[in-house]
1. Taking the Cβ-Cβ separation of residue A:456 and residue A:479 as r and a Förster radius of 30 Å, what is the calculated FRET efficiency to the nearest 0.05?
2. Within region B:407-470, how many lysine pairs that are 8 or more places apart, or on different chains, have C-alpha atoms less than 29 Å apart?
3. Just to check, using Stokes-Einstein with a Kirkwood Rh over alpha carbon pairs, what's the diffusion coefficient of region A:190-267 at 25 °C and 0.890 mPa s in µm²/s?
4. For region B:384-501, what does the relative contact order come out to in percent, with C-alpha contacts under 8 Å and a separation of six or more?
5. Which of the peptides A:379-386, A:123-130 is most tightly packed, and how do the rest follow, judged by the mean count of other Cβ atoms within 10 Å per residue?
6. Between copies, how far does the label point of residue B:4 sit from its twins, in nm, shortest first, when each point is 7 Å from Cα along Cα→Cβ?
7. Subtracting the Cα-Cα distance from 0.36 nm times the residue separation, let me have the gained length for residue B:159 to residue B:414 in nm, one decimal.
8. Just the number, please: Stokes-Einstein D of region A:35-154 in µm²/s, Kirkwood Rh from C-alpha pairs, 4 °C, 1.567 mPa s.
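The values are calculated or read from the model by the stated rules, or taken from the named source; none is laboratory data. Please read these numbers as outputs of a predicted model, since none were measured by experiment. Counting neighbours? That spans all protein chains shown, and the Cβs are built from the backbone with ideal geometry, glycine included. Accessible surface areas use protein heavy atoms only, side chains included; no ligands, DNA or RNA. Shrake-Rupley method; radii C 1.70, N 1.55, O 1.52, S 1.80 Å.
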2 protein chains.
Amino acid sequence: MKLKVKLLEVEQGRNEVVLNEFEAKEATIDIGDRIKIKRNAKSAVAMVDYSHKFIKRGEVGMFVEIAEALGAKNGEALDVSLTDRPKSLDFVRRKIDGKALSNDETFQLVDDMMHQKLSDAELASWIAAITTRGMSPHETSSLTNAIYSSGEVMTWKKKPVVSEHSIGGVSGDRVSMLIVPIIASLGITIPKTASKAISSGCATADVMEVLAPVALSMKKIHEVVDKTNGCMVWGGSVNLAVADDIMIKLRMPLRLDPRGLVLSSIIAKKKAEGAQYVLLDIPVGRGAKVTDMEEARSMAHEFKSQSLHVGINFDCVITDGSKPMMKHIGPVLEARAVLEALQNKGHVALVEKACLMSGMLLRMVRNVSAGKGYKLAKEQVASGAAEKKFREIIAAQGGNPKVQPEGLKIGEYSSVVESNMEGKVSHIDNVNTARITRALGSPGDKGAGIVFDVEKGQEISKGDVLFKIFSSSKPKVDFAFEEAKRWPIVEVERIIMEVIR
Amino acid sequence: MKLKVKLLEVEQGRNEVVLNEFEAKEATIDIGDRIKIKRNAKSAVAMVDYSHKFIKRGEVGMFVEIAEALGAKNGEALDVSLTDRPKSLDFVRRKIDGKALSNDETFQLVDDMMHQKLSDAELASWIAAITTRGMSPHETSSLTNAIYSSGEVMTWKKKPVVSEHSIGGVSGDRVSMLIVPIIASLGITIPKTASKAISSGCATADVMEVLAPVALSMKKIHEVVDKTNGCMVWGGSVNLAVADDIMIKLRMPLRLDPRGLVLSSIIAKKKAEGAQYVLLDIPVGRGAKVTDMEEARSMAHEFKSQSLHVGINFDCVITDGSKPMMKHIGPVLEARAVLEALQNKGHVALVEKACLMSGMLLRMVRNVSAGKGYKLAKEQVASGAAEKKFREIIAAQGGNPKVQPEGLKIGEYSSVVESNMEGKVSHIDNVNTARITRALGSPGDKGAGIVFDVEKGQEISKGDVLFKIFSSSKPKVDFAFEEAKRWPIVEVERIIMEVIR
């Protein structure tokens, strides 16, 4: 049938057109049916939604994406016809029914997802099915390759190429920002694409952004790495493994992290980064993403075997994820800490973890033991070579290489949270730390953050300061102070639990 | 924050607002997050979508449903803030994880679905989880009650109240249109709400609509039933078990029919109809919804036990669903057949099935055997009492009680499909019958349809007419003729398969 375009001036991010409900029903076109719209040599397939009032008979409501793709103008009459549903819908159905998908089926599904041929509801059903049915190693490899192939790929002249990644969940875990300059200073290529905070309070890209631009073009990233051996850029500014970003959005509302998706997501991203050797950090403990040691071990083994299937080497390290990595949390506070650590001014835990992990990376690519590698890494920090490299990378990315910790400003408003009892600090919670950091305005407000006055295990008195909070906004400090009562960051247990007389 | 309303002039059927992508990201508001919009004493919660161009900073794009609910005007500044995600999302997650939901959780989930607090993707995940995890009898009862409570409920003065339902899939199965007048003529209340065709070629409400209006108000339906003991109306015109309609839409793209949803859907609808005793028809066979006898039996037993949990009695009958019920398919053709059957002018199979089922219904509510009930039903048809009652119901619903079969006009365009080989008719396919009936324009075109010239098992020669097709549109006849080659309705097998000499 011929329908007149009614332009709907908003992007919908979805591949939908709107038909008049009564007219569509008469033509037995249902919500979610696929229709083909033709305009000269161009055509687009979109899913149908209904309007009973605002789209009149004879009209087709068109969001800007489709209109732009077709070059369609308001009021123009176009040919619209029902078309078959995509075959990949049958694959989703088969996965729901508990059957494994073949390599071709997985590629087709990801391709249809990339071309917006499936609705969010249909894709969410697929992800729910993966969660309940699991994925075989073969399916996981297929999905990894399909995700890898969905975006751009980085290639590096200077081999070997190494990378490092944490499955996350630990506040203040900025080891990447030490590992990259340490490894790069030893002449090894390490192009790090980092994320910005999604559920965390602030992530590596947010902290690096304090020191230098992180949203670089593909070309610029290659220039930086060719010059310095390393980089710390935001992965969101380049189109690596784009299918993964779509799937992560779909996983968020229900927080679905089935093993097969976690594996394929991380391995595909690292492969697209051009990495040949990857060290994966799996933090374990209360408040971390993985709480059970056995689970962490089985995850590590799956990463090792799955990564080999798609041609990269993963080693894994299980670390303590039960508390924040640093006493300073927030973009500026963490950037300061990283600089100070590289200047040999404290932050021992951060330096130790970074050097241990660097040692393990060196074991993978140099003919050394992890212990020898650790010593090499420590020397790079102690000698100032790592700091020098760090400043080179900052300069190459467009930041100020002369930056000093004290030159970075934290939020002007602050407040203090005190203990209302005496006792021993029994737990510092990563999840609530992230929550309060966000409440303070991080990562948008670079100066927002938390400084802890206590450590786990420390004995304290009533009225002692537990932590200070900072923000560039007074209302946010007040809000976060209240939130911190609801979501306690520091747990204190009484030394004497009960007295019996 | 304060945002200015930008009215988006289209209904979205979804509970969404659109924010400027950059502004939202700065405020760490993600796609799918819930925000609360306040206007004077009113407030609404909606899910966030992004626009990077058409919604500017400082604006909130608002589809008409939410704007109308708030009374919001274009350009008006309203207070917008992040709010918690609904608790029922955790219940969806738990179902995905394989845990059973409690009665309260199920009610909360259905309630949040009714109030559009969950996105289609979230609801689709729930349905996928039900499909893969199954539902316990307890969960199924909870869902049945929750669906039942989600809409209006019919109440009837004159008890007992009976009903009849087929799980469907058989073309030309119009037994309801005989059972209702037979039972009603015996003084028993039988308020039938029927469906219009969704995937079938034409359904009971489409056929009844040829004879009388079927989209009646609740008040009007009560008048019709109080007067005549029966009715045949479209369920879509009254708000019975509304949650079921939402769930059916979500099930359609992936054709998900998990047992627990089929049970709760049908039982809830029947309970909302006010039925105390229900006879359920489960057609079985090639081309039907259920193809396996064992599956039909287990389904029947589950219907019996589940229905008792929510306080109605189901009896089930398993019938032959391997071929169409009549030789005449399409709204007008079937309406004619029903009238002729009630006038004792042929259509023996239809009359027999209707009387056998009526007998089983009478066994449930009168102190008679099914055999005695069958005889009672046959008498009502033979004596003309059923026809008289049928015309009373037509009149009460607002149709012409004097209607005669020959007064109903079929499509003026037609074509003939012939056999291209000699042999025996081995199968007449329900699915392809429905497909071609729709291709001819049914149910919108009342005169569209198929008349079979052959029966299953009949021996035919090459060139014999298999069936005729009718439509009010010449292009549709041509299109259906071509489609019938792709999707064969009548299968013929050679009598002599092979000769060995």
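1. Values: r = 26 Å, r/R0 = 0.88.
Efficiency, from the Cβ-Cβ distance: 0.70.
2. Taking the Cα cut-off of 29 Å, the pair count is 9.
3. Values: Rh = 13.7 Å.
So the translational diffusion coefficient is about 179 µm²/s.
4. Working: 192 pairs, mean separation 41.2, N = 118.
With pairs under 8 Å counted, the relative contact order is 35 percent.
5. Working: A:379-386: 18.2, A:123-130: 27.1.
By packing density, highest mean first, the sequence is A:123-130, A:379-386.
6. The answer, with the shortest distance listed first, is 3.0 nm.
7. Values: separation 255, 0.36 × 255 = 91.80 nm, distance 4.76 nm.
87.0 nm is the gain from fully extending residue B:159 to residue B:414.
8. On the way: Rh = 16.5 Å.
The calculation lands on 79 µm²/s.
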